[in-house]
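*Asks:* Got a structure for you, questions after.
The values are calculated or read from the model by the stated rules, or taken from the named source; none is laboratory data. Everything numeric in this text was worked out from a predicted model, so none of it was measured. Because the Cβ atoms are built from the backbone with ideal geometry, glycine has one as well, and the counts that use them run over all protein chains shown.
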Amino acid sequence: MIRPTVGPLLAAAWLTLCAAVPATAADLIIFHKYDTPPPDHLEPFVSQYKPAEAYAECDMVLTGEIEGHELEYFHAIYDYTPDGPYGSSYSDYVNNSVLCLDSTGGDFDTALEIAGFLARIGAGLETRVIDGDTCTSACSILFFAGAWLEEGETVLWAKHRSIAATAKLGVHAPRIDLGDGDRFTGAAAVNGAYSHAIRNAAGIFTMSQRRDTQGDLFMNTYLFQRTLETPPRGMYYIDTVGDALLADVAVTGIDIRARLDEDLIEAICDNVFMLDDGMFDWAFGPTWKRHPLASMPMIWEDFQKAVAAAWIDDADFSYDIQLEQGDGHIYGVARGYRTGGPYSAQDCLVRLDTYADIGDVDLLARQRDAHEASTAMNAIQVMIGTQFPSGGYDPADYAFQSTPRRYWQGLLDRDVEPRAYPMLIAYPMTSFLADLPGVDAEPTAQPEGDTGSGIMDALAEFDCDQLWLRRNFIFHVNGYCFDSELGKQVFGNDECHTKSPDLDDEQQHLVSLIREMEDLKGCR
């Protein structure tokens, strides 16, 4: 039976939301935001009230303890029929809705079943944990299952989940539950409880292997390691910049602000070193970490040791940091990462899209939602070059390394591909998310005389399909045209891919640049 959320139960759940106190049992509430009535299968879940301001971005909210029946909720909202005349069937009416989560967890079996169901039908259900809310334990399984579905010229099913900087997202291993207060009740009970915990661990492993249509993991190996190694009565929180980057979790409601100076270039390069084993060549083994999936606190400790141990004073290398401005970018290079023993060092090159001057404090990105926090929308580009000691090499062969901009172009000419990282990498890895600056109320105006040439340079690297997806994503997140007859937003015509009243000036400017690049490439 589906537990309805109408009448007194709905009212109680709504009061719970307003008070921000988790309910004892899980409830799913849908905020129907259209003038037309909702489909009949959604009626048991629809709130008769407008969401509180904090939940304005949410289409539905799941609160409370996951107790074992919640899979029925999701079968119901998708009007799922497993054994129809033509096989299973479901409704896509709630696809690309936003599911906000506020739960301390509960039953792992149920959470894994829900995640498996959403993956099986390819559901587009974004997940978010908003400002001040909590999603821990089994709730995190639902969170990592978040995705959006784009059906147009191509079909794209992509992971799409985010946390506010002050939200709590935590993971731990499934517990061995013997019942009766965990008192010893015999070998059969112990074996059964152990088998149950192992099945849950296997389910989490299965989820860690699940990929979207772009090949991205819904739950990467860093998260899988943190989940299984954290005792059931403990909690590992994704609460630092490093954890969010390593776990591939988008952080929203923040501005990425930084002073464009040597400290920023060094911080980005140090972060890339800690984040991405494959970016630098390490001469003394596959990694400098104590093990490849070490936690953020361990990585930070090992990084300090690795840098100190690799420093060799008797080799002739450059150890400087330089910045150069040009063509709508800031180019930076941090030279002398000692990864090759006495034989070579590596230089880290950074390119930032900005028209601000060197030394200015600049708003590099505004992350209001998961899309804006992704590398598809905003990214810092990094390349690695090799530096050899003086003597034994023709200086003319390495003259291109003289300035950051020449160095960057020289590596491109040698077919070195830049790698894109989330803008969050501009902050130190050990910074707490809750301490990051929030989004300002007013959007930043375009600089005087800005033609968007820096953004156009970045867009020129995309093919027609990638440009279409990025343009369409902006409307997916912020709003397409609204069709009053259908009672929903639509995207089936060219006008709705060009302009929408829900876009601010900054977003509309980006859409215009993408359209311009599509015309230049003959995409339309």
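*Asks:* So which residues in segment 104-152 are crowded, with 23+ Cβ neighbours inside 10 Å, part of a strand (DSSP E or B) and of a type outside the set (A, V, I, L, M)?
*Replies:* Correct list: Glu126, Thr127, Arg128, Cys135, Trp148.
*Asks:* Something else: Being among the acidic types (Asp, Glu), in contact with a helix residue (DSSP H, G or I) (Cβ under 7 Å, 6 or more places away or on another chain), buried (at least 23 other Cβ atoms within 10 Å of the Cβ) and under 21 Å from Thr134 (Cα atoms), is that true of even one residue in segment 221-242?
*Replies:* For segment 221-242, residues among the acidic types (Asp, Glu), in contact with a helix residue (DSSP H, G or I) (Cβ under 7 Å, 6 or more places away or on another chain), buried (at least 23 other Cβ atoms within 10 Å of the Cβ) and under 21 Å from Thr134 (Cα atoms): absent.
*Asks:* Being at pLDDT below 65 and polar (S, T, N, Q) is the filter; apply it to segment 410-462 and report the residue that is nearest to the chain's Cα centre (by Cα).
*Replies:* Thr444
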